[in-house]
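The values are calculated or read from the model by the stated rules, or taken from the named source; none is laboratory data. Only a predicted model underlies this, so the values are computations on that prediction, with no experimental measurement involved. Neighbour counts are summed over all protein chains in view; Cβ atoms, including those assigned to glycine, are modelled from backbone coordinates with ideal geometry.
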């Protein structure tokens, strides 16, 4: 399926496992009345066990993250607007018991599906911006969404990625984001969402060559040029999308 997942690790009040979410929908109340609602889902994986609980108010993170991106900029780049149009996000409350079953690693999972691989760059950029959001606003996120459901996150246990690509807007008027993977000893390798290149006769080969020729040397400095990391970035280019 593809996509990325950002994990917010923390501690869960044991009472939350039995009580269910604080804010219930009509269906959740009905299932609770029928004694099904509060049973956690336990999934046996190949080498571990996964516990999944209904997120309740934690689901409010989804519109809150989108609002964070919108409010961050006075004027969003077209590439950022395209990102918001393509953004797909779900939230889960999960736990993974240790091998001894004595401890559970609880986390809130923000999932960014890539639409069967057609929006992989968008998914990766969503992870990048979710990490910035959580790192800078965890206190408010805890108070507004997580602690209301008995979950308290810690920055000391936040998710990190060592192989996250860099991002740069491309195209006339910066229509979309390209991701850049820097490999030691190799030329920079750019990537666009498949939904951008799938209708091109050469599957985007000529377009990728243009991006490489115009931005390869610039991006070799290892700096991310997304709107959140470098809001003042300006570079006139003639890459046609």
Review point. Would you say residue 164 is under 26 Å from residue 64 (Cβ atoms), assigned to a loop (DSSP other than H, G, I, E, B) and in contact (Cβ under 8 Å) with a residue 40 or more places away in the chain?
Key: yes
Exercise for review: Hey, can you tell me all the residues within the range 48-59 that are part of a helix (DSSP H, G or I) and over 25 Å from residue 117 (Cα atoms)?
Suggested key: 56, 57, 58
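Inside the range 182-207, can you point out the residues that are outside any strand (DSSP E or B) and touching a strand residue (DSSP E or B) at 6+ places or on another chain (Cβ under 6 Å)?
The answer is 188, 192, 196.
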Review point. Is it the case that some residue within the range 115-131 is exposed (fewer than 15 other Cβ atoms within 10 Å of the Cβ) and either touching a helix residue (DSSP H, G or I) at 6+ places or on another chain (Cβ under 9 Å) or within 28 Å of residue 176 (Cβ to Cβ) (or both)?
Key: yes
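Could you check how many residues of the range 106-119 are under 15 Å from residue 85 (Cα atoms) and under 11 Å from the mean Cα position of the chain (by Cα)?
Start the filter on the range 106-119 by keeping residues that are under 15 Å from residue 85 (Cα atoms), which leaves 112-115, 118-119.
Right, trim to under 11 Å from the mean Cα position of the chain (by Cα) and you get 112-114.
Final tally of qualifying residues: 3.
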Point to revise | Matching option when the condition is surrounded by 15 or more Cβ atoms within 10 Å (Cβ to Cβ) and farther than 23 Å from residue 87 by Cβ, among 208, 183 | key: 208
Exercise for review: Give the range 60-88 a look and list any residue that's at pLDDT 95 or above and either touching a strand residue (DSSP E or B) at 6+ places or on another chain (Cβ under 8 Å) or in a strand (DSSP E or B) (or both), or say none.
Suggested key: 61, 62, 65
Study note, to complete from the structure: residue 137: passes all of (1) in contact with a helix residue (DSSP H, G or I) (Cβ under 8 Å, 6 or more places away or on another chain); (2) in a strand (DSSP E or B) but (2)
